[in-house]
Amino acid sequence: MRNALPLLLVEDDLVDVMTVKRALRELGAVNPLHVVHNGEQALAYLQAGAPVSPGLILLDLNMPRMNGLEFLRHVKADPQLSRIPVVVLTTSREEKDRLESFRHSVAGYMVKPVDYPQFVEVMRTIQAYWSLSESAP
Amino acid sequence: MTDPSTTGVMPAAATASQELLNLTKALDEHAIVAVTDARGRILRVNDKFCAISKYSRDELLGQDHRIINSRHHPPEFFQGLWRTITRGEVWKGEICNRAKDGALYWVDTTIVPFLGPDGRPKEHIAIRADITERKRAEQRQAELMAELKEINQELNQFAYVVSHDLKAPLRAISSLASWLAEDYAEKLGPDGRSQLGLLLGRVKRMDALVDGILRYSRIGREQEEVAAIDVGPLLHEIVEMLGPPAGIRVEIGASMPTVYCERTRLTQVFENLISNAVKYMGRPDGRIWIGWAESPEAWTFHVRDTGPGIDERYFEKIFQIFQTLTARDEAESTGIGLAVVKKNVEVCGGQVWVESKLGEGSTFSFRLPKAPVRTPKAQHA
């Protein structure tokens, strides 16, 4: 993806992590991928100040300890972190989750398909968009 | 001078005082009446007042109305009442009072102030009707509504949990199976590949089931505009979309009516009935007829097939969710279709039923009440 900036994946399901990794590999994306398993870990990682802050955060909603929506609230309240685009990658089609996510200015909301080849297509769309979009400095 | 008989129920002079007595007697039979002075002290009460408050007349006279205050209303409520009658205006409202034995009762109240020569209120006449039963019913209704809301919310929550907690592991199974099939195709051999194929098929079935449950739970909650629907073209569209095998002929009755209904509901109903008729035909050839009848109150539609028929003892069961009569491997089915039909028809205020004999095909019928007259008259009527 754009400038090969690192990606942060916030996902508690081991197989979903494998799915994202495999899909990125299939798409030939070379961006380093950092994986954390809940909102608390993600926030700690971002606040510790990684050498290069991620170009994109892929965020699951339903997670233990701190779920995706809580994480969004923290991130969007922080002027430094709020510039990083977040794409929600979730199972939930619930309207309230969608509304709540966009209220927190997410850059995209994708429903994970059950079928793996379709999942690859979702990742391809995300990649296509981020390889074209400019990002905040 | 105007004749007073034209301004009320009172007749002219001569019989006036007798009529006044009659009127008072009639009022006492109907209402709870109290007369108070300007400060609200009770001057007179009728028997009904004593009966409902369970105080004797002696206990009430000279007291003010605080004797029956239930503390149900905030002080501002009575301040507003007093402001109104002190201005010389009539006050109307519903008051909750407490009887001597502690029981609460509700009265629909009208207080009429009467002014003295100085233009200030001299006395008040309060006329009340007992509405305790109505209030109780209203409260029961409010409680039921609250309960219903809560149940509905639980149902939403349930649908949410189903969608997430069942789908997530399903997605994992699906992904892992397709990777195995891809990465180990050589090692698996034909048997292994076919087993993985079956596994992926089952995953798809479960995915369809979960989607079906979500769809079913949404039927009652989501609403759409009622529109005029020309049933003929709708049926042709549905049949074309379902694409029944060449051997199965679907005949749609001539001049189908225009009905008033939510389009998605009616589509789901016909789609499920016709696709069931095709799916369970049990032979490569067969016929399906779609007909209708009309009464002043309702349209009735029939979907008749030449399939194997259904034993009478299953007539109720088939409309229940998850009930199927054939093994799922013989006919891919979630057992949700007829439940969706039933729920949709019932949301429209109609009924669905089946008539059938083993070996003689089945007829599924549903009755759709004609919508209230908020839409123009049906073309066919």
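The values are calculated or read from the model by the stated rules, or taken from the named source; none is laboratory data. Keep in mind that what you see is a predicted model, and the values were worked out from it rather than measured. Quick reminder, even Gly has a Cβ in these numbers, built from the backbone with ideal geometry, and neighbours come from all protein chains shown. Accessible surface is based on the protein model in full, side chains and every heavy atom, while ligands, DNA and RNA are left aside. Shrake-Rupley method; radii C 1.70, N 1.55, O 1.52, S 1.80 Å.
Are there any pairs, at least 6 apart or on different chains, whose C-beta atoms fall under 7 Å, with the first in region B:248-266 and touching a residue at least 24 places away in the same chain (Cβ under 8 Å) and the second among the polar types (S, T, N, Q), and if so, which?
From residues that are touching a residue at least 24 places away in the same chain (Cβ under 8 Å), the pairs are B:Thr258/B:Gln379; B:Tyr260/B:Thr375; B:Arg265/B:Asn344.
Hey, does region A:43-50 have a residue that's more than 19 Å from A:Ile84 (Cα to Cα) and open to solvent by 30 Å² or more (accessible area, probe 1.4 Å)? Please lay out each step first, then the result.
Taking region A:43-50 as the starting set, the residues that turn out to be more than 19 Å from A:Ile84 (Cα to Cα) are none.
Taking every residue of region A:43-50 in turn, none turns out to be more than 19 Å from A:Ile84 (Cα to Cα) and open to solvent by 30 Å² or more (accessible area, probe 1.4 Å).
Restricting region A:22-42 to residues that are farther than 19 Å from A:Leu81 by Cβ and in a helix (DSSP H, G or I), which is farthest from the other protein chains (Cβ to nearest Cβ)? Walk me through how you get there before you give the answer.
Going residue by residue through region A:22-42, those that are farther than 19 Å from A:Leu81 by Cβ are A:22-30.
Among the residues that remain, those that are also in a helix (DSSP H, G or I) are: A:22-26.
Numbers: A:Arg22: 7, A:Ala23: 10, A:Leu24: 14, A:Arg25: 12, A:Glu26: 10 Å.
Among residues in region A:22-42 that are farther than 19 Å from A:Leu81 by Cβ and in a helix (DSSP H, G or I), the one farthest from the other protein chains (Cβ to nearest Cβ) is A:Leu24.
Has region A:44-56 got any residue that is away from chain B (no Cβ under 14 Å), in contact (Cβ under 8 Å) with a residue 12 or more places away in the chain, outside any loop (DSSP other than H, G, I, E, B) and within 28 Å of B:Pro169 (Cβ to Cβ)?
yes
B:Ala208 versus (1) surrounded by fewer than 19 Cβ atoms within 10 Å (Cβ to Cβ); (2) away from chain A (no Cβ under 14 Å); (3) touching a Ser or Thr at 6+ places or on another chain (Cβ under 9 Å): which is the lone unmet condition?
(2)
Considering only region A:78-137, how many residues are of a type in the set (A, V, I, L, M) and open to solvent by 30 Å² or more (accessible area, probe 1.4 Å)?
First, the residues of region A:78-137 that are of a type in the set (A, V, I, L, M): A:81, A:84, A:86-89, A:99, A:106-107, A:110-111, A:114, A:120, A:122-123, A:126, A:128, A:132, A:136.
Adding the requirement that they be open to solvent by 30 Å² or more (accessible area, probe 1.4 Å) leaves A:99, A:107, A:110-111, A:128, A:132, A:136.
Final tally of qualifying residues: 7.
Taking region A:1-21, which residues are within 14 Å of chain B (Cβ to nearest Cβ) and in contact (Cβ under 8 Å) with a residue 40 or more places away in the chain? Give the derivation first.
Going residue by residue through region A:1-21, those that are within 14 Å of chain B (Cβ to nearest Cβ) are A:11-21.
The answer is A:Glu11, A:Asp12, A:Asp13, A:Asp16, A:Thr19, A:Val20.
Which condition from (1) over 28 Å from the mean Cα position of the chain (by Cα); (2) open to solvent by 10 Å² or more (accessible area, probe 1.4 Å); (3) under 18 Å from B:Gly335 (Cβ atoms) is the one that B:Val239 breaks?
(3)
Is it the case, given these coordinates, that B:Gln157 is open to solvent by 90 Å² or more (accessible area, probe 1.4 Å), at pLDDT 90 or above and either of a type outside the set (Lys, Arg) or not in a helix (DSSP H, G or I) (or both)? Quick ask: steps written out before the conclusion?
On the way: open to solvent by 90 Å² or more (accessible area, probe 1.4 Å): yes; at pLDDT 90 or above: no; either of a type outside the set (Lys, Arg) or not in a helix (DSSP H, G or I) (or both): yes.
Criteria not met by B:Gln157.
Has region B:213-222 got at least one residue that is part of a loop (DSSP other than H, G, I, E, B) and among the acidic types (Asp, Glu)? Break it down into steps so the answer makes sense when it comes.
Pass one, region B:213-222, residues part of a loop (DSSP other than H, G, I, E, B): B:220-222.
From what is left, the residues that are among the acidic types (Asp, Glu) are B:222.
Yes - at least one qualifying residue is present in region B:213-222.
Looking for whichever is more than 11 Å from every other protein chain (Cβ to nearest Cβ) and either among the aromatic types (Phe, Trp, Tyr) or open to solvent by 40 Å² or more (accessible area, probe 1.4 Å) (or both) here; the options are B:Asp165, B:Asp191. Which one fits? Explain how you work it out, then say what you get.
Numbers: B:Asp165 fails: more than 11 Å from every other protein chain (Cβ to nearest Cβ).
From the options B:Asp165, B:Asp191, the qualifying one is B:Asp191.
Answer yes or no as to whether B:Arg171 is open to solvent by less than 30 Å² (accessible area, probe 1.4 Å) and in a strand (DSSP E or B). If you could, list the steps in order and put the result at the bottom.
Working: open to solvent by less than 30 Å² (accessible area, probe 1.4 Å): yes; in a strand (DSSP E or B): no.
No.
Working carefully through the options B:Ile248, B:Ile213, B:Ile252, find the one that is closer than 30 Å to A:Lys96 by Cβ and either surrounded by fewer than 18 Cβ atoms within 10 Å (Cβ to Cβ) or more than 12 Å from every other protein chain (Cβ to nearest Cβ) (or both).
Result of the check over B:Ile248, B:Ile213, B:Ile252: B:Ile213.
Name every residue in region A:82-136 that is at the interface with chain B (Cβ under 10 Å from one of its Cβ atoms) and of a type in the set (Lys, Arg), in order of residue number.
A:Arg93, A:Lys96, A:Lys112 - these are the residues of region A:82-136 that are at the interface with chain B (Cβ under 10 Å from one of its Cβ atoms) and of a type in the set (Lys, Arg).
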